[in-house]
Structure formats: C-alpha cells, structure tokens
Amino acid sequence: MLVASGVSAAGDLAGTARFLAGKGAASDSKLAEYARTQSYAEYAEQIASSWKQFQQPNLERMRTWWTDRAPAKYSTVFYPFSGPDIGNALVFFPDADSYLMFGLEPPGAIPDLQSMDEEAISSGLNELKASLSTILQVNYFFTKAMEKKLGKGSFNSITGLLMFFLAMSDCEVIGARRIAIGRGGALVEGTTADDSVSGGSHSRIPGVEITFKRNRSKQQTIRYFMVNVADAYLAKSSPDFLPYLKSEGRFVTMIKSASYLMHKEGVAEPAHFEQIRSLILKQSDFVVQDDSGVPLRLFARDAWKLRFHGKYEAPTPEFDKYLQKDLKVETQRNSTGKLSFSYGYAFKEGESNLMTAERAP
C-alpha cells in the first residue's frame, strides 16, 4: 500500500480521505479526538463553505448540461495534463472503469495521520487548504503555483488531493499502491526509489493507483503518473510512456486548462508535444476539450463529428498567441449556446468554451 507502516486497511484509506475532506472521523478511529477539536471544526467549515460557494454548484451545472451530450459507451478515460483534478473527470465520465492521468508533480504519499500529533495534523491541513485555493474558486490549478505547493509526503501531495476530491465526490477509497511504468510500457509495482526519479535515460515513470467505489457500485481505478510528455523528454527520459498508453486500448479523452502545450510549433517554441497530440487523435473515440487542447485544425472533418459549445473570442491574455481563428468562426456560427458553468481558463460565467469530437463510424 502507498502508506506508512501500520496504515494499510481500506477503512483507514476511506477514513483518511473523508478526514481530509472535512467530513470528520468515525467514532472508533484514532482521528476521532482530533476531529472534535475547534481547529478541525474551523477547517471543515472553511472547506464546506468554499466547496458550496463555487465548486459544488459549478460541477452540478456541468453534470446537468452534459446529461444528453455524453458518449453512450466508454471504459477508459484519458485526462492528459490533469494534475489531481479527478473531480471534473467524475462529472463527465462517472462510470469509467479506469482514469489515466498525468502531470509534472510527483505522486507523493498518503500521510500517516494515525501517528501524527495535533500540531502536525493542523499544519498538514493548512497546507492542503492552501493548495486547494485556486481550484475551489476558478475550477483549475495554476501549474507553476502547484509545483511550489505540492509535496511528496504531505497532505497536499497529488495522492492526498486525489483522495480529497474522491471524498468530496462521495466516493469511498478502498485501495492505494505505488506503481510505475517500466521497460516496454509494462505496469509494475512502484518502489520508494521511484520518488527520486532522476529523469535520466530510460527512467521508470512513478505513479500511484487508487481504487474506489461510488454509491457501493463497481470498483473503479485511477492511475496517475509523473511524466513530462514534451517530445524531447519522452525520447530521452520516458520512452516507455507512450507504449503503456497504447497498450490501454481505445479511450475517451478530456482536456482542460492544458496550457496550450499541444499548440506549440516552430523553432521559437522548442518544447513540442506532437507525440502525445498524435496519440490522442489516433486512440480516442471521443474528445471533450476547451481551446487549450488539440487545435481544431488537426481534427479531420471526415473523421470526426464536431460540436461547439459556449463562447470563444480569444484565449486569456497570457496565452493570446494561441488564438484559433477557425475555432472563433465555428463557435460564432455553430455554438449551441453559452455555458452555464466554468471550464478552463475563461472561468467567468458565460465565458467558457467546449468542443466535443466524436469519431465518425
């Protein structure tokens, strides 16, 4: 298990996730005493208030809007450049068997809350609350800020945040373990040595696997990996990542707030992402994305059924060079109407955009 010694039972994992989400602790849990403190009561109140103010109603509006637009069948969800954002994936694709996610941040570890004193728990909860500050207000993480705030062994690790969002989505965490991608794209058991991955030639790709259930239904799996998918890094350090993805078969893809990485081209932008972009176009049966995803011009019209939703005038100022004139024309002509929820960088009400692409039969 991806936990400290003595913290391996599924009940401990479920309890840890609920505790991080401000939902208290079972009466027979070692955390019950701390859950009765004023400090935890204030933390729980702040989390609940922040969640209800923006994130919860936003996700509910997404869920309602998506009801008659979701693909009829899917099993695996691919969410590139996701960080720990499982919450949005659960809204769009609640019934997936597995969710494949990756980012630049290490998976980290689940804190052994049972062995921590009150001061350490208070400090950890404050770290978690700080890391959540942006997504609870605008529905995306700031990548640079996240790199500074996340830790390998603290409450606000990727693993801790995934558990938080699962608990907030009324899911029960039932398992967690270290994993890695080894030679040839094989999924293998992770080790503590993977935490200090060097990034050298043919490095293992560290990850975490979390299993959970929702409303006592089937078991579902999240696999998150720490990997840089820029073409040069894949070739040098992580040549086994794409073979692993290919071995996973067909999937549906969702992209949100992806920093326009797959738009980069030319000598002025040395870090290109053509390989991951190509894999998405070849292996996806359905794509839902904002304008930061795969450029519209790369979706062949005879291969995809495209629909446009929301409003698109231009990217936010920091990404203005990635303006897509063709997307602007399509959205102005064919949008199904403004979106009632926030998705991507244009987070203000009525400003977001989405494109859905369904592979033609």
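Miscellaneous remarks
- Between S27 and S133, the FRET efficiency estimated from the beta carbon spacing at R0 = 22 angstrom works out to 0.10.
- For the cross-link pairs K256/K328; K23/K348; K282/K321; K73/K338; K305/K325, the ones whose C-alpha atoms lie over 22 Å apart are K23/K348; K282/K321; K73/K338.
- Radius 9 Å from Cβ of V208, net charge of other residues (Lys, Arg +1; Asp, Glu -1): +2
- Acute angle (nearest 10 degrees) that the helix 274-283 long axis makes with the longest principal axis of the chain, alpha-carbon atoms: 90 degrees
- All other residues whose Cβ lies under 9 angstrom from that of L296 are scored, Lys and Arg at +1 and Asp and Glu at -1, for a net of -2.
- For Y99, the residues whose modelled amide H falls within less than 5 Å of its own, excluding neighbours fewer than 5 places apart on the same chain, are V77, T221, I222, R223.
- Scattering profile of the range 75-124 at q = 0.18, 0.24 Å⁻¹ [log10 I(q)/I(0), Debye over alpha-carbon scatterers]: -0.71, -0.85
- Low-density loop cleavage sites - trypsin sites (Lys or Arg not before Pro) in the range 320-361, where at most 11 other Cβ are within 10 Å (DSSP): K348
- Across the range 26-35, computed HN-Hα scalar couplings (Karplus, 6.51 cos²θ - 1.76 cosθ + 1.60, θ = phi - 60°) run 4, 4, 9, 7, 5, 8, 4, 5, 5, 5 Hz from first to last residue, x flagging Gly and Pro.
- Ranked packing of 168-175, 250-257, 269-276, most packed first, by mean Cβ within 10 Å: 250-257, 168-175, 269-276
- Comparing D291, D302, D95 in a Gaussian network model of the chain where C-alpha atoms under 10 Å apart are linked, the largest mean-square fluctuation is found at D302.
- Solvent-accessible area per residue, Å², over the range 26-142 with all protein chains present [probe radius 1.4 Å]: 44 Å²
- Linear extension gain, T221 paired with E118, 0.36 nm per residue minus alpha-carbon span: 33.9 nm
- Percent accessible area from carbon and sulfur atoms, the chain, protein chains only, probe 1.4 Å: 49 percent
- Rounded to the nearest 10 degrees, the inclination of helix 38-50 to the longest alpha-carbon principal axis of the chain is 20 degrees.
- Kirkwood hydrodynamic radius of the range 165-275, from the reciprocal of the average inverse Cα-Cα distance over all distinct pairs: 15.9 Å.
- Other-chain or far-sequence residues with amide H under 5 Å of A176's (modelled H): L2, T211
- Loop-located trypsin sites (Lys or Arg not before Pro) in the range 32-64 (DSSP state not H, G, I, E or B) with no more than 13 neighbouring Cβ atoms inside 10 Å: R36.
- With contributions of -39500 (n - 2.57) from each DSSP H run of at least four residues, the per-residue ellipticity at 222 nm computed over the chain stands at -9000 deg cm²/dmol.
- Residue (of A72, S257, N215) at the positive-pole extreme of the chain, dipole from beta-carbon charges: A72
- Relative pair counts by distance (%), Cα atoms of the range 217-298, 10 Å bins: 15, 47, 31, 5, 1, 0
- Theoretical FRET efficiency, 1/(1+(r/R0)^6), r = Cβ-Cβ of A271 and V329, R0 35 Å, to 0.05: 0.75
- Contact order relative to length of the chain, as percent, for alpha carbon pairs under 8 angstrom and 6 or more apart: 16 percent
- Between helix 56-66 and the chain: long-axis angle, C-alpha atoms, 0 to 90°, nearest 10: 40 degrees
- The range 287-296 - phi-based ³J(HN,Hα) in whole Hz, Karplus 6.51/-1.76/1.60, Gly and Pro as x: 10, 10, 7, 8, 6, 7, x, 6, x, 3
- Summed residue charge, Cβ within 12 Å of F273's Cβ, Lys/Arg positive, Asp/Glu negative: -2
- Relative contact order computed over the range 258-348 (Cα-Cα under 8 Å; 6+ residues apart), in percent: 28 percent
- q = 0.28, 0.35 Å⁻¹: log10 I(q)/I(0) that the Debye formula gives for the range 309-349, counting C-alpha atoms only: -1.06, -1.18
- Tail beyond 27 Å, pair distance distribution of the chain (Cα, percent): 46 percent
- Surface accessible to a 1.4 Å probe, per residue, for the residues of the range 234-343, Å²: 45 Å²
The values are calculated or read from the model by the stated rules, or taken from the named source; none is laboratory data. Computed from a predicted structure; not experimentally measured. Heads up, the Cβs are rebuilt from the backbone with ideal geometry, glycines too, and the neighbour counts pull from every protein chain shown. Accessible surface areas use protein heavy atoms only, side chains included; no ligands, DNA or RNA. Shrake-Rupley method; radii C 1.70, N 1.55, O 1.52, S 1.80 Å.
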